[in-house]
Amino acid sequence: FVNLNEDARTIKKIPGFKDVFFFGNSTAAFGMDSVGLFKLARDCAKKFNGIFRFYSLSIAAVHVYNPSDAEIIMSTMKHREKSIIYKFFKLWLHDGLLVSKGSKWQERRKILTSAFHFNILRKYFLIIEENSQKLVNVMEENSGKSINIVPILSEYTLNSISESAMGVELDKDPMYSEEVNTFMFEGHDTTAAGLTFCLLTLAENQDVQEKVYQELQSIFNGREDVTLEDLTMMNYLERCIKESMRLYPPVPFISRTLSETVKLSNYTVPVGTMCHIQIYDMHRQETLFKNAEKYDPDRFLPENSFGRHPYSYIPFSAGPRNCIGQKFAMMEMKSAVSALLKNYKLLPVTTSKDLEFIADLVLRNSKPIYLKFIKRH
Ligand code: HEM
């Protein structure tokens, strides 16, 4: 029990709220809805310094949001086991790559990695481009109106992923039909969230949006067809996508169970402890990103990224269990945003100040997100 055993006493040495007998720290969260829980985690991150513990009755979690601790946990094969947080998802994802472990994970990861090779991405690219054109048509029907972009982008990413790799090849083999659910889960909501916040930030920063438009003009110069090579030339757009995923990481945290006792920020954290890596808070640390709350795509210029700790920016996680679909996701986001921006000027309706997130595995706003798409001539 968290108040009585030695591991609990070790965990209690890590900074955290004052505990209340029997309830631990859970009184701090009493009566909160999921918006309140998201805010509570952010408040804790501000109050403490890169690490804090939170325990409720007999369950303790250590939260870390500094790159050195993240590296200790994520860079080795040792702590690759996901925490009980994902157990709930296991009901649906069974032993898919996201939640599987040991030799099963290793074997599947090797096979599935080849499904994302650049040459294979070429096949998916055509499907994605077709869906991006459909997306442009959907916006045409709504041009000039305030529209909730969340369900539209969600449908776009769901269609793209189900018609690509998953629909084409993997589901022919029953061995991989779990994997298909995993890919749909990891690849659809996450990419939709990435797109949502990329469009919101571009609508809000007209000067940046104009620079993306100019980049597209210089690549296409009136040409209609799009190739995979065109996407690789969209360097400024890529920086915009990276910057929106810094401020709004689609996966705000990941969780592991420690497979051996480690030292994190000079505190001992015992084997078996659940450890949350708070990507959202890490990306907003002033010590890692100057004027961290400010949207500035040029942070990702090579000269401005030089010397940055490799674990300070981890929207796709890092180490051996990083995101297997990250190239696919980048391709999809570039394809959709470039198709939209070539045809429309985006205007803000919902702004970053209106955002109010809920506690979830994927970053979600509690309310719809509205933007306006004005047809360009
Ligand atoms: C912007 C879009 C995406 C983001 C931000 C993202 C982020 C992540 C993160 C943070 C993880 C680590 C999760 C953890 O350790 O608990 C992960 C794992 C994973 N992602 Fe993605 N992802 C995206 C898109 C995709 C896509 C498009 C696919 C598939 C087509 C995909 C498939 C996976 C799989 C299978 C894993 C588990 C890998 C393993 O455990 O070995 N993701 N992703």
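Of the listed requirements (1) modelled with pLDDT under 90; (2) aliphatic (A, V, I, L, M); (3) not in a helix (DSSP H, G or I), Leu158 misses just one: (3). In this entry, Val64 passes the filter for residues that are at pLDDT 95 or above and crowded, with 20+ Cβ neighbours inside 10 Å.
Residues in region 249-262 that are in contact (Cβ under 8 Å) with a residue 24 or more places away in the chain and either charged (D, E, K, R) or outside any strand (DSSP E or B) (or both): Pro249, Pro250, Val251, Pro252, Arg256, Leu258, Ser259, Glu260. Total residues in region 115-146 satisfying the condition of being out of contact with any helix residue (DSSP H, G or I) (no Cβ under 8 Å at 6 or more places or on another chain) and either among the basic types (Lys, Arg) or not in a helix (DSSP H, G or I) (or both): the figure is 6.
Looking only at region 319-361, residues that are within 12 Å of the ligand (Cβ to nearest atom), assigned to a loop (DSSP other than H, G, I, E, B) and touching an Asp or Glu at 6+ places or on another chain (Cβ under 8 Å) come to 2 in all.
Across region 31-56, the number of residues qualifying as closer than 22 Å to Phe253 by Cα and not in a helix (DSSP H, G or I) comes to 11.
When each of Ile120, Ile128 is tested for being at pLDDT 70 or above, within 12 Å of the ligand (Cβ to nearest atom) and in contact with an Asp or Glu (Cβ under 7 Å, 6 or more places away or on another chain), the lone residue that passes is Ile128.
Looking only at region 237-250, decide whether some residue is surrounded by 17 or more Cβ atoms within 10 Å (Cβ to Cβ) and of a type in the set (S, T, N, Q).
Of region 237-250, the ones surrounded by 17 or more Cβ atoms within 10 Å (Cβ to Cβ) are 237-250.
From what's left, of a type in the set (S, T, N, Q): 244.
Yes: one or more hits.
Is it the case that Ser162 is within 13 Å of the ligand (Cβ to nearest atom) and either out of contact with any Leu (no Cβ under 7 Å at 6 or more places or on another chain) or among the aromatic types (Phe, Trp, Tyr) (or both)? Criteria met by Ser162.
Cβ-Cβ contacts under 9 Å between residues 6 or more apart (or on different chains), taken from a first residue in region 318-346 that is closer than 25 Å to His283 by Cα to a second residue that is near the ligand (Cβ under 7 Å from one of its atoms) and assigned to a strand (DSSP E or B), are listed as Arg321/Lys82; Arg321/Ile254. Looking across region 12-22, just one residue is of a type in the set (Phe, Trp, Tyr) and surrounded by 14 or more Cβ atoms within 10 Å (Cβ to Cβ), and that is Phe17. Here the condition is being part of a helix (DSSP H, G or I), buried (at least 19 other Cβ atoms within 10 Å of the Cβ) and not basic (Lys, Arg); of Asp298, Asp281, it holds for Asp281 alone. Within region 356-367, can you find the residues that are touching a helix residue (DSSP H, G or I) at 6+ places or on another chain (Cβ under 6 Å) and either acidic (Asp, Glu) or within 19 Å of Asn142 (Cβ to Cβ) (or both)? Correct list: Glu356 only.
If we scan region 161-173, do we find a residue that is modelled with pLDDT under 80, within 21 Å of the chain's Cα centre (by Cα), closer than 17 Å to Val362 by Cα and assigned to a helix (DSSP H, G or I)? There is no residue in region 161-173 that is modelled with pLDDT under 80, within 21 Å of the chain's Cα centre (by Cα), closer than 17 Å to Val362 by Cα and assigned to a helix (DSSP H, G or I). Restricting attention to region 235-251, the residues that are away from the ligand (no atom under 16 Å from the Cβ) and touching a helix residue (DSSP H, G or I) at 6+ places or on another chain (Cβ under 6 Å) total 1.
The values are calculated or read from the model by the stated rules, or taken from the named source; none is laboratory data. All of these numbers come straight from a predicted model, not from anything done at the bench. In this analysis, Cβ positions are derived from the backbone assuming ideal geometry, glycine residues included, and neighbour counts consider all displayed protein chains.
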